[in-house]
Structures are given as structure tokens and as C-alpha cells.
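Engineer: Can you keep this structure in mind? I'll have questions shortly.
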Amino acid sequence: MQEMEIGQVVRQSGVAASTLRYYETRGLIRPIGRNGLRRVYAASVMQRLSLIALGRAAGFSLEEIGAMLGDGNAPAIDRPQLLHRADQLERRIARLQALRDGLRHAARCRHADHLQCPTFQRLMRTALRRQRRHGDTGL
């Protein structure tokens, strides 16, 4: 089994040592031992870190990621959960595209006062509705 000291893992993954230690406390990764004071990991930790990074990029919580990683070597990825997240992302993309299109319209709008533009007014109403439903970000 190939081993990696924590410094090697940091350099190869780009994940800070403090984050590795935090992931360890959350049960997402675990060292196989120590070399003096330094943690030593199996080389397979890189695959787990890649899965964690992918999960975070997709918006999964560390708890959700941990459930999918499981305790063993092979992850137990929940396919229905992946489909649900993909659907959420698709809806978010559609909202962001509509926002982008509205902003582009506002930038090119022929009205001297944006508040007189029906498209800009609709964009503002939509933003306010989203804020009431979802908090400050509206995304």
C-alpha cells in the first residue's frame, strides 16, 4: 500500500492541512498512522478528496457527502439523490440565465429611465419575489 504524509496530500490535492484534519473529525477521511507527529494517509485518500470536492462543487453538505462515501473503500453513491441535485441545479441555471438575459436587456434598453421599462420592472418584481421566498441571495 502506497503511503502519503499529510504534506504530500496537501501539495497534491490543494486541500489545506487544517481542512484535512477537519475532514478527519467529520469521518470523511482517516489516516492509516503517523510518521512521528505527521499523519500518514493511504494513497486512496486522493480519490476520497476528489469525491468530496465533486460533492461540494455540486452543493452537497459534508454530511450528505459522508453518507455517500461510507466507511469502506467503495462509495455508496445515492443515484436518486444525484438526480435530485441535478434537477435543482437545472432550475438554478434557468433562473441565472433569465437574470443574465434581464441584465443584458437593461444594459441595452432604449428607455431613458430603467424604471419605465416593462422588462426591467418584471426583473425587479421577480428578484423581490425570490428574495421573500429564499432570503438575500435570490438564487
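The values are calculated or read from the model by the stated rules, or taken from the named source; none is laboratory data. Remember, it's a predicted structure, so these values are computed and weren't measured experimentally. Using ideal geometry, Cβ is built from the backbone for each residue, glycine included, and neighbour counts are taken over all protein chains shown.
Engineer: I'm checking my understanding of the structure. Among residues of segment 5-38 that are closer than 18 Å to L69 by Cβ and touching a strand residue (DSSP E or B) at 6+ places or on another chain (Cβ under 6 Å), which one is surrounded by the fewest Cβ atoms within 10 Å (Cβ to Cβ)?
Structural biologist: Step by step, filter segment 5-38, then rank; the result is I32.
Engineer: State which residue is surrounded by the most Cβ atoms within 10 Å (Cβ to Cβ) when the search covers only segment 80-139 and only residues that are more than 30 Å from I65 (Cα to Cα) and small (G, A, S).
Structural biologist: The qualifying residue surrounded by the most Cβ atoms within 10 Å (Cβ to Cβ) is G102.
Engineer: Could you list all residues from segment 1-31 that are touching a Phe, Trp or Tyr at 6+ places or on another chain (Cβ under 6 Å) and in a loop (DSSP other than H, G, I, E, B)?
Structural biologist: Answer for segment 1-31, where residues must be touching a Phe, Trp or Tyr at 6+ places or on another chain (Cβ under 6 Å) and in a loop (DSSP other than H, G, I, E, B): I29, P31.
Engineer: To continue, here is another question. Among the candidates R48, R95, single out the residue that is at pLDDT below 95 and either closer than 30 Å to T126 by Cβ or not basic (K, R) (or both).
Structural biologist: R95 is the lone residue from the list that is at pLDDT below 95 and either closer than 30 Å to T126 by Cβ or not basic (K, R) (or both).
Engineer: Same structure again: Out of the residues in segment 106-139 meeting the condition of being in a loop (DSSP other than H, G, I, E, B) and closer than 25 Å to A58 by Cβ, tell me which one is modelled with the highest pLDDT.
Structural biologist: The selected residue is G135.
Engineer: If a residue must be basic (K, R) and crowded, with 16+ Cβ neighbours inside 10 Å, how many such residues does segment 39-57 contain?
Structural biologist: 2
Engineer: Let me ask something additional. Here are L89, L103: which of them is under 21 Å from the mean Cα position of the chain (by Cα) and either in a helix (DSSP H, G or I) or not basic (K, R) (or both)?
Structural biologist: L89
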